[in-house]
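Structure record follows, encoded as structure tokens.
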Amino acid sequence: MLAATAVLIGGLSLAGVVVGSLAVAIARHVATVWLPSQWQDSITFFLLLALLLFRPYGLLGKPTRRTGI
Amino acid sequence: MSLILHLAVLVNIYAVIAISLNLVAGFGGMLSLSHAAFYGIGAYTTALLTLRLDWGFLPTLAAGAVLSALVAVALGAIVLRLKEELFVIATFALQLVLQNVMLNWTELTNGPLGIANIPRPVIFGWRVTDIWEFAIIGACLLGGALWLVTRLVRSPFGRVLQAIREDEVLARSQGHDVEYFKVVSFVLSAGLAAVGGSLYAVYYSYIDPGSFSIHESILILAMVIIGGAASVWGPVVGAAILVCLPEILRFVGLPTDIAAHLRQVIYGLCIAAIMLWRPRGIMGREAFGRAGGRD
């Protein structure tokens, strides 16, 4: 599930997967500075939601007709 | 006999929830995977209000529906902007976040331990204790939900909603506010799902976040698809099949550890078989979503 999230966040390419995985991992662990660690999953999927809203094609992906915008 | 009544109550609960999902997924064409979360919001509202504030059943039922609808307004306005598979992923993420909140907001929900000893409901002085009384309440709620959805689908609102499912651009070009219709149907659906959740909470008198997981969302969606999306009675049939099937398997005499896995296999086979031979569901007339049909 986390891996799928990472792919979606990064965008569907090799570089995207690397960036997405790093983003997910860093977000999950930096968040524990302010929040108890049981909220990690919430943070991860919240990140996914936010990303779907603003960059539905992923951080490194390119907009296509299917993903819109 | 009590097993049959127990199954009847369960079918009623799930049918109400499946009907509410059908409003969004069947008539609106929006495949939402976050329905168990709204159902959980209803259950938790009823449980907490009766336990901590000593409210009666009907006020908590209404409060659960309103709270769930409010959450749906806030979240629906955001996720409903997304199309098709992005919407599915977004509601999937939403479901995981909401279940995580139920799991981790321990001051309110008691976390993974759940809430136990939810008192039996009292309706106008009638203390509901027997299982057949629950079956009657469930049947009343189911009747109400069926009536509501039938009226809604035949109303101008429902017509536009189905038009949006068939062709969003066309509906928009006819001057309909597509976002408004989507959000309103999502909100109504969330409120109705919460009603099912309230009944679930007082019937089992114990709830925990595990009952409102993504698996539950998928199960409800399976009921809608198997029964027939975009048909009024379809979700009721789907709920009856998926609730009763594991119980029938119990009488076949398999050991429990095999039966539990077999249940998953049978869900999967059911959906695959329906998709192969009756893609419109058992009661369905419209093809599910946009695939197939008149194209």
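State whether one or more residues within the stretch B:1-11 are part of a loop (DSSP other than H, G, I, E, B), open to solvent by 20 Å² or more (accessible area, probe 1.4 Å) and closer than 24 Å to B:V224 by Cβ. No: zero hits.
Output the qualifying pairs, or none if there are none: Cβ atoms under 6 angstrom, residues six or more apart or on different chains, first residue in the stretch B:89-102 and at the interface with chain A (Cβ under 7 Å from one of its Cβ atoms) and without any contact (Cβ under 8 Å) to a residue 40 or more places away in the chain, second residue assigned to a helix (DSSP H, G or I) and among the acidic types (D, E). Every condition considered, the pairs that remain are B:N100/A:D41.
Of the residues making up the stretch B:77-88, those that are touching a helix residue (DSSP H, G or I) at 6+ places or on another chain (Cβ under 8 Å) and either buried (at least 23 other Cβ atoms within 10 Å of the Cβ) or more than 8 Å from every other protein chain (Cβ to nearest Cβ) (or both) are B:A77, B:V79, B:L80, B:F87. A:V24 meets each of the listed conditions (1) among the hydrophobic types (A, V, I, L, M, F, W, C); (2) over 23 Å from B:Q95 (Cα atoms); (3) within 14 Å of chain B (Cβ to nearest Cβ) apart from (2). Considering only residues in the stretch A:36-62 that are open to solvent by 70 Å² or more (accessible area, probe 1.4 Å) and over 14 Å from the mean Cα position of the chain (by Cα), the one that is farthest from the other protein chains (Cβ to nearest Cβ) turns out to be A:K62. Across the stretch B:103-158, the qualifying residues are those that are open to solvent by 70 Å² or more (accessible area, probe 1.4 Å) and part of a strand (DSSP E or B), and the one among them that is farthest from the other protein chains (Cβ to nearest Cβ) is B:W126.
The values are calculated or read from the model by the stated rules, or taken from the named source; none is laboratory data. Quick caveat: nothing in here was measured; it's all calculated off a predicted structure. Glycine gets a Cβ as well: all are built from the backbone with ideal geometry, and neighbour counts include every protein chain shown. The area values use the complete protein model at the heavy-atom level, side chains included, leaving out ligands, DNA and RNA. Shrake-Rupley method; radii C 1.70, N 1.55, O 1.52, S 1.80 Å.
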